[in-house]
Amino acid sequence: MRAVKNYKGNGGFRGLCPLTILILFFCAGIAYCANLQTNSGFETGDLTGWGAVGTESSILVSNSQSYKGVYSLRFKDPTSAFSGRGIESSDYIAIPSPDDWAFSIGAYFYVSNDAGGSPSDSEVRIYVKWFDSSYQELGETGYVEGQKLKSFDTWQPLSVSSISAPAGSSYAKVVVDVRENVNNNNDIYVDEVTLDYFPMPAFLKTTGLKTFSTLQGHENEQIKVFFPRSTPDGCSKEVRIVFNLEKAPTTEAKIKLEIYDSMGRLVRTIVRGSLLSSKHYDYIWDGRDNEQRFLPMGMYIIFLEIADQDTGGVVRKQKVVAIGKKL
C-alpha cells in the first residue's frame, strides 16, 4: 500500500483541523508555506520519511556534523555513480494544485576533507519527481545534473525556486544523491532538505505562450535564445516553456507540444496526446532532439495545441526560439 500525507492534492484539505487550515492560509499570504518533506533535518535520528538508494550501510544519520539541530545525513565514501549513495522520500507527498501553487526545493551540503583531493571532485543532486493521481511519474525538476561542491568543511546551500509541477501532478518525491568523480573517500553530508510551496508568481500566471530562463535567480526573465551545449556565463542552458489558459477545461484537454526546425521538420516531441485538466502548463526543453542529440544552433518553432474534449475548441500557439553557441 502506498503511503501519502494527509494534505489533499489538487485542491481541498482532507483530515486537517481548522487551526491547521487557518495556519496554511496565513502562510500562503506570506511568501512560503509549510515544508512538505517529513524529517527534513533527520532529527528523528533515523531515516523516517526517507528510503535509502544504493548501499544502505553507507547512508547513515550522524551527529558528527549538522547545519541545524543535532543530526544530518552522512553519505560515507561516495562511489563514482549517483545510484550508489542517495535517498528518496519514502511516501508519495500529496501536493496542492499546480495551477495555483509553485514550489521550491533546497538543502545544505557539506564535504569533509578526510583524504584530500579537491572539493569539486564531490558532486550532489537534489530534485523532485512528480506523479499523477495514479502514481505514474510525469517528470523531474531541479538539479538533475551534478553540482560540484566548492569548499571543504563548510555548509553550502543549494536550492531551486519558482518550480512548477507538471500539469496533472498530484504527488511528489524528493531525491538527494551524491558521487565522487575521483575516489578521495571524502564523506558528504546533507541537512535541512525542504520541499516548500507558495502562491504561483505572477510571471508564471500570465496568459499566452512564453519562454523563460531556467538560470537560478533569473527565472522571471523571458528569453529568445538559450545555449544547451556551451553556455556563456549568465545565460540559460535550457528554455522553460509556459502556457496558461484563462480557465481550466471542465474535464480534460488533449495536449500537444512539439518543436520544429526552420525547415518545418519535427525534431522533438515534448508532449503528445496527454489528457490533462489544468490551466497552467510548464515544460523544460534542453535543446535535444527525439534521439537525445543536441540540435545545432539556429531558429526553432515551438508549437502548442490544446484541444478541449468537452467543447471541441482548439487553441494553437507558436513561438520562435533560437539555440545559440558560445564563441
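The values are calculated or read from the model by the stated rules, or taken from the named source; none is laboratory data. Being a predicted model, the structure only gives us computed values, none of them experimental. Counting neighbours? That spans all protein chains shown, and the Cβs are built from the backbone with ideal geometry, glycine included.
Values for this structure:
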read-out: Any hit, the range 1-18, residues being at pLDDT below 90, buried (at least 17 other Cβ atoms within 10 Å of the Cβ) and among the aromatic types (Phe, Trp, Tyr); value: yes
read-out: Selected residue [out of contact with any Asp or Glu (no Cβ under 7 Å at 6 or more places or on another chain), at positive phi and at pLDDT 95 or above] from ASN63, ASN39; value: ASN39
read-out: Residues satisfying the stated conditions in the range 211-224, i.e. more than 21 Å from VAL174 (Cα to Cα) and free of Cβ contacts under 8 Å to residues at least 40 places away in the same chain; value: PHE212, SER213, GLY217, HIS218, GLU221, GLN222
read-out: Test: residue in the range 306-315 that is at positive phi, in a strand (DSSP E or B) and touching a residue at least 12 places away in the same chain (Cβ under 8 Å); value: no
read-out: Count of the range 246-257 residues which are part of a strand (DSSP E or B) and touching a Lys or Arg at 6+ places or on another chain (Cβ under 7 Å); value: 1
read-out: All positions within the range 70-127 that are of a type in the set (Ser, Thr, Tyr) and in a strand (DSSP E or B); value: SER72, SER89, TYR92, SER104, TYR108, TYR110, SER122, TYR127
read-out: Tabulated pairs, the range 62-81, first assigned by TED's automatic domain parsing to the domain that holds GLY117, second surrounded by fewer than 16 Cβ atoms within 10 Å (Cβ to Cβ) and among the β-branched types (Val, Ile, Thr), C-beta under 7 angstrom, 6+ apart or interchain; value: ASN63/VAL70
read-out: Lone qualifier among ASN186, ASN181 - being more than 30 Å from LYS256 (Cα to Cα), surrounded by 22 or more Cβ atoms within 10 Å (Cβ to Cβ) and in contact (Cβ under 8 Å) with a residue 40 or more places away in the chain; value: ASN186
read-out: Qualifying residues in the range 143-159 (those that are under 17 Å from THR79 (Cα atoms) and of a type outside the set (D, E, K, R)) - the one farthest from the chain's Cα centre (by Cα); value: LEU149
read-out: Test: residue in the range 139-162 that is basic (Lys, Arg), touching a helix residue (DSSP H, G or I) at 6+ places or on another chain (Cβ under 9 Å) and crowded, with 19+ Cβ neighbours inside 10 Å; value: no
read-out: Which numbered condition ALA94 fails, given (1) at pLDDT 95 or above; (2) under 23 Å from ILE59 (Cβ atoms); value: (2)
read-out: Which listed residue, of PHE227, PHE203, is buried (at least 16 other Cβ atoms within 10 Å of the Cβ) and in contact (Cβ under 8 Å) with a residue 12 or more places away in the chain; value: PHE227
read-out: Residues (modelled with pLDDT under 90 and over 17 Å from GLY208 (Cα atoms)) located in the range 278-303; value: GLN292
read-out: Extreme residue, nearest to ILE87 (Cα to Cα), among residues of the range 57-68 that are of a type outside the set (A, V, I, L, M, F, W, C) and either under 25 Å from the mean Cα position of the chain (by Cα) or surrounded by 14 or more Cβ atoms within 10 Å (Cβ to Cβ) (or both); value: SER58
